Every structure is written in structure tokens, then in C-alpha cells.
Amino acid sequence: MPDAARQRPTIERSPLPDFCSLPVLFALFVVGALTVTVMWLAPESSRGWRGFTVGMSFVAWLALLLAVALCKSAPLLQRLPRRLPYAGVWLLMVLIVVLASAVAGWLDSALQLQLIRGTTPSFMRDNALIAALLGAAMLRYFYVLAQWQARMAAVAHAQLDALQARIRPHFLFNSMNTVAALVRVDPAAAERTVEDLSELFRAALGQHGSRDGTLSEELALVERYLAIEQLRLGERLRVQRELDALPPDYPLPRLLLQPLVENAVRHGIQPLREGGEIVLRGHREPHGLAIEIDNPLPPTPAAAGNGHGLDNVRQRVQFRYGSRAQVHAGPQDGRFVVRLQLPLEDAPGEGRNARTDRR
């Protein structure tokens with residue numbers, strides 16, 4: 001019940017667009033410029049180039065004024081429930097246009113520029129009507145766009161939850177057999193194995209508060225998995241780590257690397273009687289991080305390829321980071337290499353894309 005009470009205000013509010021962003025400022029200017037252009041091209045219009053230039057200057061000034069006012073007032077308006085934030089934005093836009101028109105009319109009259117035809121009250125009235133109609137149309141567009149983005153985010157989160165639900169360590173039964181064998185021989189090792197296994201399943205079942213973990217947490221899960229497999233495979237499993245200066249708090253989807261390492265063990269080490277070496281590489285690049293999982297390529301690979309979890313990882317990386325991230329996998333010099341290229345902008349302190357709906 002407390003959780004539902006905390007969520008209710010978020011559900012009832014309608015998200016406003018980011019009025020501090022350049023796209024919104026550009027949209028305000030474009031709408032105003034198109035309005036001035038249409039009025040100037042109207043058959044009965046008697047305004048010449050001078051009128052067009054004055055109108056465009058007034059629109060540019062008005063668009064900047066609206067953007068600044070909406071940017072500063074958006075946090076206050078966002079606290080209103082349901083659709084009232086949009087009503088508040090609409091009223092603020094009309095009020096600003098009326099006040100700006102009054103100031104423009106007063107300056108035109110005081111300086112005797114004769115740029116405004118008709119009286120100042122009629123100029124204010126006409127601009128208020130135009131602002132009311134165009135403002136309502138723009139806010140309707142922003143509202144529909146926000147609803148569409150919310151639906152897309154909900155679908156994406158549902159897909160991510162489905163992908164996360166499919167992640168289950170395939171070594172469960174082997175690990176339990178290992179624990180059973182160690183109970184009498186080495187109880188301490190059996191206890192450590194149970195703890196490692198429980199931590200892996202806690203991550204797989206989504207028992208953490210946030211959708212993302214960190215790179216250090218993911219590497220810790222990988223080490224727990226390797227510790228379990230080391231007990232089962234012994235000297236057949238050798239691991240080389242080449243992880244150079246990776247940011248430990250880099251945000252990473254949970255269980256992103258562990259399935260790749262699991263595939264490397266299952267498809268690269270287990271089929272070889274003599275075993276082999278898995279290489280974990282990681283380093284920073286100019287615009288991101290590069291992480292590689294390198295394992296031997298058996299003479300006769302399994303029909304399913306080098307791990308069915310690879311498509312799962314690709315989908316999760318695509319959802320979390322978008323087109324900025326890449327996942328490459330394939331044989332190289334007799335070994336199978338999976339390479340993840342992740343954007344460095346998603347490290348803490350990013351300005352997004354980082355898309356908050358992806359968390």
C-alpha cells in the first residue's frame with residue numbers, strides 16, 4: 001500500500017516537454033515564423049517586406065521569451081495533478097503573448113515607429129487569439145508525443161523484463177552436484193559455492209532495487225560464476241584477466257557479461273578434454289569502453305553456435321544504449337571473440353539519453 005501511494009502522484013501527472021531544450025525553442029520559432037509567413041502571403045495582406053521583417057523579429061523575440069519563461073516555470077507547473085500542467089502552460093503562453101504585445105504596442109506608440117497597424121488593444125487581442133489557437137495545437141502535439149513515448153517505454157520495459165526472466169544460469173544442476181560432492185570433503189568450499197550461487201540467482205531473478213548495476217558488480221558476479229566452474233572443471237579452466245582502468249561505477253545492465261562468460265565456458269572449455277583459457281579484456285577508448293570475452297574455438301562447435309544468450313545480450317545492449325553501442329561476435333585466429341563497445345557518455349555525470357526510461 002505505501003508503494004502504491006508513492007506511485008500514484010507520478011501516474012496522475014502528465015509529463016511536460018523539456019522547455020529548456022533547443023528543439024522546443026526551435027519549434028516555437030518555426031511555428032511563429034510560419035504564422036507570420038502565412039499572414040504575409042495572404043491575398044488581402046498589404047504588408048510588404050518591412051512588415052514581414054518586423055513580424056519575424058517580433059516572433060524571434062517572443063519565442064525566446066516564451067522558452068525562458070516556460071523553462072523556469074516548468075518545475076512548478078509539473079507539480080500540478082493530471083493534465084493541469086498543460087493548462088498552466090497554455091495560460092502562461094497566452095499571458096506572455098498579451099504582455100509582450102502590450103509592451104510592443106507601447107514602444108511603437110512612444111517612439112512613433114508606426115510599425116503596428118490599428119490600435120494597441122486590437123493588436124493584443126489578435127495576438128492573444130493566435131497564441132491561444134497555436135499554443136493549444138502545440139501542447140496537444142507535445143501531449144500526444146509524451147503519451148506515445150510513455151507507451152514505447154512501457155513496451156520496452158516489458159520486453160526487458162521478459163529478457164531478464166529468461167536469464168537462468170544453465171549450470172544449476174552441475175553446481176548442485178559440485179556442492180553435494182564438497183559437503184563432506186570441503187564444507188567451507190561448499191558453503192562458498194552456495195553463497196556464490198545464491199548471489200547469481202539473486203541477480204538473475206531481479207532482486208535488486210534498480211534495473212542497472214555497475215561494472216564492478218557485474219565483474220564480481222562473473223568472478224562468482226568462475227569460482228563455481230573452477231571447482232567443477234579444475235585445471236581445465238584457466239582465466240586471464242586484462243581489465244585496464246575500467247570505471248568501476250559505469251552503469252551496466254545486470255547479468256550482461258555473465259551469460260557471455262558462461263557461453264565461453266560451455267562452448268569453449270567443456271568440449272575440450274584438455275580445457276583451455278578464457279581471456280577477459282577491457283579498456284577505455286576515446287568515446288567509450290571495449291570489453292571482450294575470448295575463448296577457444298573447439299574443432300566441432302555445437303550446432304547452436306557459441307551460446308544462445310548472445311541474441312539476448314544484443315537486445316539488452318540495444319535497448320539500454322541505443323545505436324551508440326555495438327556487439328560483435330565471431331571467430332578470430334582460431335578463437336571465438338565477443339566484443340562489446342559501450343558509449344562512455346553513459347557513465348555517471350552523463351547528460352540523456354541517457355534515456356531515463358531505460359532504467
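Just so it is clear, none of the values below were taken in a lab; they were calculated from the coordinates. Quantities reported herein were computed from a predicted structural model and do not represent experimental measurements. Neighbour counts are summed over all protein chains in view; Cβ atoms, including those assigned to glycine, are modelled from backbone coordinates with ideal geometry.
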| task | Using only Cα atoms, figure out Rg for the range 26-96 and give it as a multiple of 2.2 N^0.38 Å. | result | 1.37
| task | Quick one: compute the contact order of the range 2-153, relative version, from alpha carbon pairs under 8 angstrom and 6+ residues apart, as a percent. | result | 28 percent
| Direction-averaged shadow area of the convex hull around the Cα atoms of the range 2-153, nm²? | 10.5 nm²
| note | Distance in Å, no decimals, from the C-alpha centre of the range 20-71 to the one of the range 88-118 is 13 Å
| message | Starting from the 7 Å offset along Cα-to-Cβ, what nm value, one decimal, do you get for the label separation of Arg184 and Leu22? | response | 7.2 nm
| query | Taking the range 224-272, which GluC sites (Glu not before Pro) meet the DSSP loop condition and have no more than 15 other C-beta atoms within 10 Å? | reply | none
